[in-house]
Amino acid sequence: MCRNTVCVCIVLLCVMAVLTPVSGQWTTMTIDPLLNSACHVCAGDMDNDGDLDILATSHMQYPHGQIVWYEAPAWTKCVIDSPLNYPYFVRAADMDNDNDSDVVATIYLDGYVGWYEAPSWTPHIIDSTLEGAGDLYVVDMDNDNDLDVVATSDISNVVVWYEAPSWAVDTIDPDLPGAWGVDVADMDNDNDLDVVVAATVGVFWYEAPSWNQHTINTSLNVAISVSVADVDNDNDLDVVATSNYLNKLVWYEAPGWIEHIIDSNLTGAGYACVCDIDNDTDLDVVANNAASQPKGFYWYEAPSWDKHTIYEYTPNPFCVYVADMDDDNDPDVLATDIQEHNVWCFSNTVGIMEQPIVKPVVSYPYNGATIFRGPLQLPEGKTCKVYDITGRVVEQATSAPGIYFIVIDDRIQTKVVKIR
């Protein structure tokens, strides 16, 4: 396993990778500017140290394809497997129930679905015949206390799930043209897990355990992404979806699957995630586009769906993923650009609200962002330094509102956000 000691020089390299906030609400950190054809990205605690690391794939032809992870907070790059032939999607999950995070991945042209056992990254084959292996979802489908895998293929045109530990294949749909994006949820509230899929011919959900197909919409041609959530807070599950061909980002209201437009001009719409970006208790949507400039990453504020920029004017935005990377109780955004070869983390300050209290910075271990106003209180009897997002040392008493990193006794402690 890739490990490193966090020291001031590494912290500064990480901090100095942070660029100017976009619209004052997102801080951009470049995790890796050199991951060739940076493709899918997600988060997981890969080294079991209590913070979230980053997983990504390099969607390159053999011998250049890679699956990698980046160790927080210095973002040290560690290779899980290489060389590969167009690795695509990747997820973190404890596949063998040994209390560490393994990795599940699809390799597109090899028709491979497999998992890598931490910490040695020993590969285990789930399926080597799923030509065009695409999106995947890891979950206990049959409620037997082990993790199964759901996968799609836009070449084989199938939706399948693999039952652990034997990896017996159960076909959900043997003939779904362009099957791609997948999500898993109990759509009919009957205490089993159903499957929702985006495909060339529309969006569908499959009712467990018989896998009867239910149509959500057949007009959303070349649907790419689906995400299940109770968008309107009425105690049933709705579906957010994108269409690359129609340049649309929509949500479908259950149970009648009424279509609501979020963005009708998201050219080359890619992936979408649902989360409460602004901490106002309703669900917003994060998405990307890649067909014409301005290309970028955006979030849409519910319920009006006002569009806000996270980052734009990048050559080919590919993927978005939401997770609280800095443990400050709001969702941050991970993203990739397949042409510019970038992996990014966009740190969210959209939903930070003014608080009337002053909180002291706590000592190690890292406990998330401290939100404060007035003078910053640092622990007595320790060597403390405050760095701004450019890596410069600042005086704590005179610091302006913004984001800072605190180093105590040569170890990074926390991110702090000053609001006044």
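The values are calculated or read from the model by the stated rules, or taken from the named source; none is laboratory data. Computed from a prediction, not measured in an experiment: that's the story for all the values here. FYI the Cβ positions are ideal-geometry reconstructions off the backbone, even for glycines, and counts take in every protein chain you see. Just the protein is used for accessible areas: all its heavy atoms, side chains included, with ligands, DNA and RNA removed. Shrake-Rupley method; radii C 1.70, N 1.55, O 1.52, S 1.80 Å.
Below, the figures for the structure above:
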read-out	value
Estimated FRET transfer efficiency (residue 212, residue 125; beta-carbon r; R0 45 Å; 0.05)	0.90
Cα-centred dipole magnitude for the range 200-289, charges only on beta-carbon of K, R (+1) and D, E (-1), debye, nearest 20	640
Reduced Cα scattering model of the range 264-345, Debye log10 I(q)/I(0), q = 0.12, 0.23 Å⁻¹	-0.32, -1.08
Per-pair calculated FRET efficiency, R0 = 56 Å: residue 393 and residue 146 via Cβ, rounded to 0.05	0.65
Residue (of 156, 211, 195) at the positive-pole extreme of the range 150-216, dipole from beta-carbon charges	156
Relative contact order computed over the range 72-166 (Cα-Cα under 8 Å; 6+ residues apart), in percent	19
Accessible surface of the range 220-264, 1.4 Å probe, proportion on carbon and sulfur as whole %	46
Carbon + sulfur, % of accessible area of the range 139-199 - ligands and nucleic acids excluded, 1.4 Å	45
Relative contact order of the range 251-324, pairs being alpha-carbon contacts under 8 Å that are 6 or more residues apart, as %	25
Approximate spin-label separation residue 293-residue 79, in nm, with each point projected 7 Å along Cα-to-Cβ	3.5
Extension gain (nm, one decimal) between residue 257 and residue 327, 0.36 nm per residue minus Cα-Cα	21.7 nm
1.4 Å probe accessible area per residue over the range 64-161, in Å²	35
